[in-house]
1. Scan around ASN155 for amide H atoms under 5 Å from its own, H built in the peptide plane at 1.01 Å from N, and keep only partners 5 or more places away or cross-chain.
2. Can you list residues from other chains, or at least 5 along the same chain, whose modelled amide H is less than 5 Å from the amide H of ILE129?
3. Report GLU82's accessible area, 1.4 Å probe, all protein chains in place, as a number in Å² to the nearest 10.
4. If we count every other residue with Cβ under 13 angstrom of LEU39's Cβ, Lys/Arg +1 and Asp/Glu -1, where does the sum land?
5. Provide the solvent-accessible area of ARG156, counting protein heavy atoms only and rolling a 1.4 Å probe, rounded to the nearest 10 Å².
6. How much net charge surrounds TYR192 when only the other residues with a Cβ under 15 Å from the Cβ of TYR192 are counted, with Lys and Arg +1 and Asp and Glu -1?
7. Read phi for every residue in the stretch 64-69 and hand back ³J(HN,Hα) as whole Hz from Karplus 6.51 cos²θ - 1.76 cosθ + 1.60, θ = phi - 60°, with x for Gly and Pro.
8. I'd like the Karplus ³J(HN,Hα) series for the stretch 33-44: coefficients 6.51, -1.76, 1.60, θ = phi - 60°, whole numbers in Hz, and an x wherever there's a Gly or Pro.
Amino acid sequence: MKLKLLIAGAAMLSLAACGGSSDEPDAAAEEVAVIPESLAPFGDGYPNPGAPCRRLGESAATSNYLDDSAILVGCPSEAAAETLGGRIVGNVEGVRLVSVPMGDANAGMLAPVEAPAKQPPQQALKDPIRSPGGLESKCLARINDMTGGGVIGTNRIEESEAAIAIYVNVSGAEAPWRCLGYRDGTIGEVMYTGSEGAM
């Protein structure tokens, strides 16, 4: 009976010793794989030089994993692959293939210039000089501001190739004021045509 207990105890000790070695297969599973040339590795490491993962180029072994919107990276261990933040898409000879999204390819670029919203075509003034909003109205308003509201009305309009001279009567003035306007709708010089002492 004592002999049977001794044998059973020795068997348990040997099993316990074997149980301690059960971690060895897990350690072997996490062994670092060598990235083969068949995966077309390039660079000194990814994402930084010296890192264990490497970018992978196009080859027969990688062609099914390449994507225009992602970088294909080979990592020699599961732990290294998981740190990249990508998606593990395959395993070739123990090397984990990771697809890392490139993000917005246009990041940092200037925004495209958008075409201005189409404005309804402006109605051309029937008479760019005398129509409401034309040169005559602009000159009357400018002279009215300069004289403190004394404009009575237009005296005459003289047109030439260079400019349009609009003469304006002002209350209390012995001579009209002259406003030079241009065909592009802008107002140039505004002046009193009489003697300044008589203003």
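The values are calculated or read from the model by the stated rules, or taken from the named source; none is laboratory data. It should be emphasised that the depicted structure is a prediction, and the values quoted were computed from it without experimental measurement. Don't worry about glycine lacking a Cβ; one is built from the backbone with ideal geometry, like all the others, and counts go over all protein chains shown. Protein only, heavy atoms only, side chains kept; ligands, DNA and RNA dropped before computing areas. Shrake-Rupley method; radii C 1.70, N 1.55, O 1.52, S 1.80 Å.
1. Close amide H contacts, sequence-distant or interchain: TYR167, VAL168, ASN169.
2. Amide H neighbours of ILE129: LEU135.
3. 120
4. Numbers: positive: ARG54, ARG55, ARG96; negative: GLU37, GLU58, GLU93.
Computed value for this residue: 0.
5. Ignoring ligands and nucleic acids, ARG156 comes out at about 100 Å².
6. On the way: positive: ARG142, ARG178; negative: ASP145, GLU174, GLU189, GLU196.
Spelling it out: positives minus negatives among the neighbours equals -2.
7. Calculated HN-Hα couplings, in order: 6, 10, 6, 8, 5, 9 Hz.
8. Once rounded to whole Hz, the list reads 8, 8, 6, x, 5, 5, 8, 6, x, 8, x, 9.
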